[in-house]
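All of the numbers you see were taken from the coordinates with simple rules; none came from a lab. Owing to the predicted nature of the structure, the values given are computational and were not obtained by experimental measurement. Neighbour counts are summed over all protein chains in view; Cβ atoms, including those assigned to glycine, are modelled from backbone coordinates with ideal geometry.
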Amino acid sequence: MEKSKKRMLILQIVLASIGGLLLLNAIILYFIPIRGHGLYVQFIVSLGLIAFGVFFPRIPNIARIIIAVPMVLFAVFVMFLFTYGNISTTDHTEDVIIVLGAGIIGESVTRPLAFRLDTAIEHWEQNPDALIVVTGGLGDRATITEAEAMARYLIRAGVPAEQIILEDRSTSTYENFKFAIEILEYYFPDGFSVVVITNDFHIFRAVQIARSAGLEEVSRAGAYTDWYTWGINYFREFLAILNFWGRSMFG
């Protein structure tokens, strides 16, 4: 009986601690500021975990199971996304490197976007004949298009301007690919192979969207993600994937 109480206390402490860390992280990100749907979900989940830990002994067993099962499934899905996003499938022979946009501020690329571009540079150095397509239109906080800011970043890093193609009309990941394909069909009328580069948490959905947009030969390469943004990014990505699957199934 005493051991059972100790195990329950440890479980309570673990649950409340995880919730507390997520809450602290969400508060810090809010004031940086890094915001969005993922942040608000993180707030809710963190408070829920704290409450689950504190009131665990009073919660009926069936309710514990109902709460625990989605938590475990989410954790498994996050591990899948992380693993998938960190396994590169490129052989560095692709015709095109497509770099997905991630927002800019003024004329400056954000950290997530810089990681994507740095990864693109690494891959281009191993395949210098590949064209690099930078994608993204004009955002709310930008004074130039994402594509233009990305191209400038690549040129400063030594990539020749003639190797860079700008897709500067898109406002979504689907449009990134749709408009990029329209441009690339001019350069490669007989077809082309592609490696998609985005942050690791985003790779799975990006590849699915690329295929739905009409790309058949798609390799992937995930870029680094700051560890302190894992929570907000994976919560947001989970919602985005559910939305994508829902749209795919029900039109």
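Hey, with R₀ at 51 Å, roughly what FRET efficiency would Ser248 and Leu9 work out to, going by the Cβ-Cβ distance, to 0.05?
Rounded to the nearest 0.05, the efficiency is 0.70.
Taking amide hydrogens as modeled 1.01 Å from N in the peptide plane, which residues meet the under 5 Å criterion relative to Thr110, leaving out close sequence neighbours?
Ile105
With the contact rule set at Cα under 8 Å and sequence spacing of 6 or more, what percent relative contact order holds for the chain?
RCO, the chain: 22 percent.
Give me, ordered by chain and number, the residues 5 or more places off Val133 or on other chains with an amide H under 5 Å from its own placed amide H.
The answer is Ile97, Ile98, Val99, Ile165.
Before rounding to the nearest 500, sum -39500 (n - 2.57) across all DSSP H runs of length at least 4 in the chain and divide by the residue total; then give [θ] at 222 nm in deg cm²/dmol.
Dividing the helical sum by the residues of the chain leaves -19500 deg cm²/dmol.
Work out, in µm²/s and without decimals, the Stokes-Einstein translational diffusion coefficient of segment 96-226 at 4 °C, 1.567 mPa s, Rh from Kirkwood over C-alpha pairs.
Value of D from the Cα-based Kirkwood radius: 91 µm²/s.
Based only on other Cβ atoms within 10 Å, what is the fewest-to-most ordering of Leu239, Leu23?
Listing Leu239, Leu23 from fewest to most nearby Cβ atoms yields Leu239, Leu23.
Which ³J(HN,Hα) values, rounded to whole Hz and listed in residue order, are derived for segment 224-238 from phi using the Karplus coefficients 6.51, -1.76 and 1.60 in 6.51 cos²θ - 1.76 cosθ + 1.60 with θ = phi - 60°, glycine and proline given as x?
Along segment 224-238, the couplings run 4, 10, 4, 4, 6, 9, 4, x, 4, 6, 6, 5, 5, 5, 4 Hz.
Starting with the fewest neighbours, write out Leu113, Leu166, Leu39 ranked by other beta-carbon atoms found within 10 Å of each beta-carbon.
Exposure proxy ranking, most exposed first: Leu166, Leu39, Leu113.
Run the dipole for the chain about the Cα centre, Lys and Arg Cβ at +1, Asp and Glu Cβ at -1, nothing else charged, and hand back the magnitude in debye, nearest 20.
Charge dipole of the chain: 2080 debye, to the nearest 20.
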